[in-house]
1. As I understand it, the value is the acute angle between the Cα axis of helix 148-181 and the longest principal axis of the Cα atoms of the chain; what does it come to in degrees, rounded to 10?
2. Once all Cα-Cα distances of the chain are split into 20 Å bins that start at 0, what whole-number percent is in each one?
3. Which FRET efficiency, nearest 0.05, do Asp376 and Asp42 yield, Cβ-Cβ r, R0 30 Å?
4. Mind checking the full-extension length gain between Lys80 and Asn307? Use 0.36 nm per residue of separation minus the Cα-Cα distance, one decimal, nm.
5. Rounded, prolate or oblate: pick one for the stretch 155-310, where a ≥ b ≥ c are the square roots of the eigenvalues of its C-alpha gyration tensor, a/c under 1.5 means rounded, and failing that, prolate if a/b is larger than b/c, else oblate.
6. Hey, with R₀ at 45 Å, roughly what FRET efficiency would Glu152 and Ser329 work out to, going by the Cβ-Cβ distance, to 0.05?
7. With a 1.4 Å probe and all protein chains kept in place, how do Glu119, Glu173 rank by accessible area, largest first?
8. Quick one: pull the percent of accessible area on the chain belonging to carbon and sulfur, 1.4 Å probe, ligands and nucleic acids left out.
Amino acid sequence: MSDWQRTTLGQVMTQVSRAVRVKDLTEARYAGVRWYAGGVYDRETVPAEKIKGTTLYRIERDDIVYNRMWATKASFGVVKDEVDGCFVTNDFPAFTVNPEAILPEYVEAIFHTASFQSEAVGRAVGTTERRRLHARDFMNIAVVLPPLPIQERIVEVISAVDDQIAALAAEVEAVVKVRRGLVGRSADTAQVPLASLGVVSQGKGLPKEFQGKRTGTVSWYKIADMTGPGNKFGYTLADTRLTPSEVAEIGGVVAEPGAVTFPRVGAAVLTEKKRIVDTAGALDENHLIITPAQGTNSEYLLTVMDNFALSGLVRPGAVPSLNMGLIRSTQVPWSWTENQSIGAALGALRAESRALAAEAASLRTTRAVLVSALLDRTIDIESAELEV
């Protein structure tokens, strides 16, 4: 396959700058670039009078964009239709490709490879975590470039996998929507205080010297574990895992399966994440916990809390926080009829969501391996087409 060439990004891309004066704008739609090649997204819209700088830069479809402050986190992406026309600051260099040499989608595939991400980290400079990758160093990164027809076939194969992942994600959202829509339909639905449904408590701080240890099997959940592998639909495993004696030594209180928990303080409160404890474990002090009372179905309680916006209880201007007294007195819609009749169905739907999400996660892992194998020619593209 001598028609594959080794070149640099600078040979197939050109840096572009579409400067716009802030004073000529009424507002600006800012774009961001997610970590680990997660794509360019519409971050927020800001009124022009609140923008500190004097110049922004417009990005357009098929631009290659990266965040030079987070190159060590693979903050690289390609502009799609939904962010066409958005603005970025000068910390987001933008480039256009030579369409006769390389496809934007092929560049995107390159961004997902471990070899490219490692090279970007090595070229970033600075002394903090936010080491910067200058445009000239980004452009000097070497890439393998097959002919355009082969690039197109590689992109097609990857897109087929992406379509499967997107379909699974859509299924997950559909199941979540059905689950949340089942509660609050009964005629006996009424507002009740959370204190009447269970015991509200707060987790206990995890000493720094224990954080991240894996000496046992008892999880000690931190807020960051809410987004950890397998925890989106219920706490199953924490990054910190201690022995029962260690948990007892530092005063941890183990929450049993069925407890419902959510963030107590900080920006995490505004994310509206709620979790049910599936695998018993201690929770840190940034959690508030509702241990269901006798007769309170934990699956029904979780679903009611999923539908309730805790962020609406936060006072404007303050550090987002919730306390036990506030939560105890908070009124939520509750039906004792539904609580008794549909708990099992709600649990089954949550289990289905977890299974679909796990399948999507597995497919993402397969995708990463496939991309690297296609680009380093470990897998022949014709064979890959037959198997997808």
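The values are calculated or read from the model by the stated rules, or taken from the named source; none is laboratory data. It should be emphasised that the depicted structure is a prediction, and the values quoted were computed from it without experimental measurement. Methodologically, a virtual Cβ is constructed for each residue, glycine included, from the backbone with ideal geometry; neighbour enumeration extends over all protein chains shown. Ligands, DNA and RNA are stripped out before the accessible areas are found, and what is left, the full protein with its side chains, is counted by its heavy atoms. Shrake-Rupley method; radii C 1.70, N 1.55, O 1.52, S 1.80 Å.
1. The two axes meet at around 20 degrees.
2. Whole-percent P(r) values from 0 Å outward: 23, 47, 29, 2.
3. Values: r = 34 Å, r/R0 = 1.12.
Given R0 = 30 Å and the Cβ-Cβ separation, E is 0.35.
4. On the way: separation 227, 0.36 × 227 = 81.72 nm, distance 3.17 nm.
Gain in length upon complete extension: 78.5 nm.
5. Values: a/c = 2.25, a/b = 1.12, b/c = 2.00.
It comes out oblate by the Cα gyration axes.
6. Numbers: r = 61 Å, r/R0 = 1.35.
Plugging the Cβ-Cβ distance into 1/(1 + (r/R0)^6) gives 0.15.
7. On the way: Glu119 75, Glu173 105 Å².
Correct descending sequence by accessible area is Glu173, Glu119.
8. On the way: 9880 of 19020 Å².
Here carbon and sulfur together make up 52 percent of the probe-accessible area.
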